[in-house]
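The values are calculated or read from the model by the stated rules, or taken from the named source; none is laboratory data. Fair warning: this is a prediction, and the values are worked out from it, not measured in the lab. No Cβ is skipped: glycine too gets one built from the backbone with ideal geometry, and neighbour counts run over all protein chains shown. Quick note on the areas: whole protein, heavy atoms, side chains included, nothing else; ligands and nucleic acids left out. Shrake-Rupley method; radii C 1.70, N 1.55, O 1.52, S 1.80 Å.
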Amino acid sequence: MEFIDYYKTLGVTKNATPEEIKKAFRKLAGKSHPDLNPNDKDANKRFQELNEAYTVLSDPEKRKKYDKYGKDWEHGEEYEKYRQSQQSKASNTGGRGFSGNFSEADFSDYFESMFGGGRGGRSQVKFRGQDYNSELHLTLEEAFTTHQQTFTIDGKNIRITIPAGVENGQTIKLARQGGKGVNGGPNGDLYLTFSIPNTPAFKRLGNDLYTTHEIDLFTAVLGGEVMLNTFSGKIKLKVAPETQNGTKIRLKGKGFPVYKKEGQFGDLYVTYHIKIPTNLNEKQKELFAQLAELSH
Amino acid sequence: MNSQEFIPIDVFCRHYGVEDAFVISLQDYGLIEIIQVNEIECLEVNQLVKAEKLVRLHRELAINTEGLEVVVHLLQRIQQLEVDMISLRNRLSLYEP
């Protein structure tokens, strides 16, 4: 556990007036306030540090104690006395309003050692727990079907059903699955953002899927049938004679499921990539030459 | 009145240590909705998260109601831009190898 320089955290000198401390806190807190930076973990952490520093430096008694013993926090005897006096005051001291979105656990070990539990001098008002933001990685194939996923947040297993068709970057809210409420307040919410990268074979745009399928020259010229693997199984495709390279066909209703609309699907677009034969033998070359002559 | 669904304004104000006038001003600026239930001004439960957030910003950053209106507006714009960015990023990924 290291000494924390609260003055440095707030960017003020040791002689700063309460007004200067308040001003510094508000200026810095404005940049990293969790409500203004909902998905920024660094900003959240920074705000907690600022909040802790302000909790100490804005309270004359805490500040006095910190100035006196701050660097020598390990000498527990004095702190213990202070801690006891603080605890007796806690019951009749009106709490300050800050840190409403954080629990005691958000204060550093250093703070706990120096001032005891974060409760001392703080409000007993019930506060809603902190909202959490998390990312869940799914494969495109997983997102294609409704399925269940279990993951762990704060040591707690959460099992959710993910509806088919959930989109890359989409965020869902799991009510009351966030941080614990303070003083019996309700838990915060958990915001889960899905990360669903495309695969080399399939790319998704909205509810439509795009893929490229290789066909040989002979099938492209003469027409025929090819098999295509999709997330819902194999599909037989009829290739029209004289199909050009880059031809794009649309398979209606064979794309991605529409989120929360059972039975509705986007379309699948298949682009044909015609493979020119290589390593031709003499006979094949001769036939191609004849074909070329006939074509001119 | 179902206490599960409505929170009287005075209870909210007492709980969070804010003035009634502040909460009323939030409504005046269209930041929250206050409804009358049995002639008592109340917040619907679904407004609570929004109201708590505004109280935190007001108290912790000393932002007045005019400032909160600007903040909320800008946060909504950021959110919309993030949605647009995700959509464009997904679209762009179509052309990436």
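In table form, for the structure just shown:
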item	result
Some residue of the stretch B:19-31 being assigned to a helix (DSSP H, G or I), open to solvent by 70 Å² or more (accessible area, probe 1.4 Å) and either among the acidic types (Asp, Glu) or in contact with a Leu (Cβ under 8 Å, 6 or more places away or on another chain) (or both)	yes
Extreme residue, nearest to the chain's Cα centre (by Cα), among residues of the stretch A:54-63 that are part of a helix (DSSP H, G or I) and under 13 Å from A:Ala16 (Cα atoms)	A:Tyr54
Index of the failed condition, A:Lys261 passing every other in (1) touching a residue at least 40 places away in the same chain (Cβ under 8 Å); (2) surrounded by 15 or more Cβ atoms within 10 Å (Cβ to Cβ)	(2)
Spans of strands (runs of 3 or more DSSP E) in the stretch A:125-227 with at least 2 residues under 24 Å from B:Gln79 (Cβ atoms), open to solvent by 30 Å² or more (accessible area, probe 1.4 Å) and within 14 Å of another protein chain (Cβ to nearest Cβ)	A:132-137, A:171-174, A:190-195
Residue list for the stretch A:21-41, filter: within 21 Å of A:Pro60 (Cα to Cα), more than 8 Å from every other protein chain (Cβ to nearest Cβ) and without any contact (Cβ under 8 Å) to a residue 12 or more places away in the chain	A:Lys23, A:Lys27
Tally, over the stretch A:148-168, of residues that are touching a Leu at 6+ places or on another chain (Cβ under 9 Å) and either over 11 Å from A:Ile196 (Cα atoms) or of a type in the set (Ser, Thr, Tyr) (or both)	6
Candidates B:Leu94, B:Leu88, filtered to the one that is more than 18 Å from B:Arg14 (Cα to Cα), touching a Lys or Arg at 6+ places or on another chain (Cβ under 6 Å) and either modelled with pLDDT under 90 or not acidic (Asp, Glu) (or both)	B:Leu94
Sole residue being modelled with pLDDT under 90, β-branched (Val, Ile, Thr) and either buried (at least 18 other Cβ atoms within 10 Å of the Cβ) or within 17 Å of the chain's Cα centre (by Cα) (or both), chosen from B:Val45, B:Val71, B:Val55	B:Val45
Residue list for the stretch B:40-97, restricted to those being more than 7 Å from chain A (Cβ to nearest Cβ), in contact with an Asp or Glu (Cβ under 7 Å, 6 or more places away or on another chain) and outside any strand (DSSP E or B)	B:Val45, B:Gln47
Subset of the stretch A:253-279 (residues that are in contact with a helix residue (DSSP H, G or I) (Cβ under 7 Å, 6 or more places away or on another chain) and in a loop (DSSP other than H, G, I, E, B))	A:Phe256, A:Ile276, A:Pro277
The stretch B:38-63 residues that are under 25 Å from A:Leu28 (Cβ atoms) and without any contact (Cβ under 8 Å) to a residue 12 or more places away in the chain, paired with ones that are of a type in the set (Phe, Trp, Tyr) and surrounded by fewer than 22 Cβ atoms within 10 Å (Cβ to Cβ) (beta carbon under 7 Å, 6 or more apart)	B:Glu60/A:Phe98
Check on A:Ala16, over 20 Å from A:Gly188 (Cα atoms) and part of a loop (DSSP other than H, G, I, E, B)	yes
Matching residues, the stretch A:148-172, being at pLDDT below 90 and on the phi > 0 side of the Ramachandran plot	A:Asp154, A:Gly155, A:Gly169
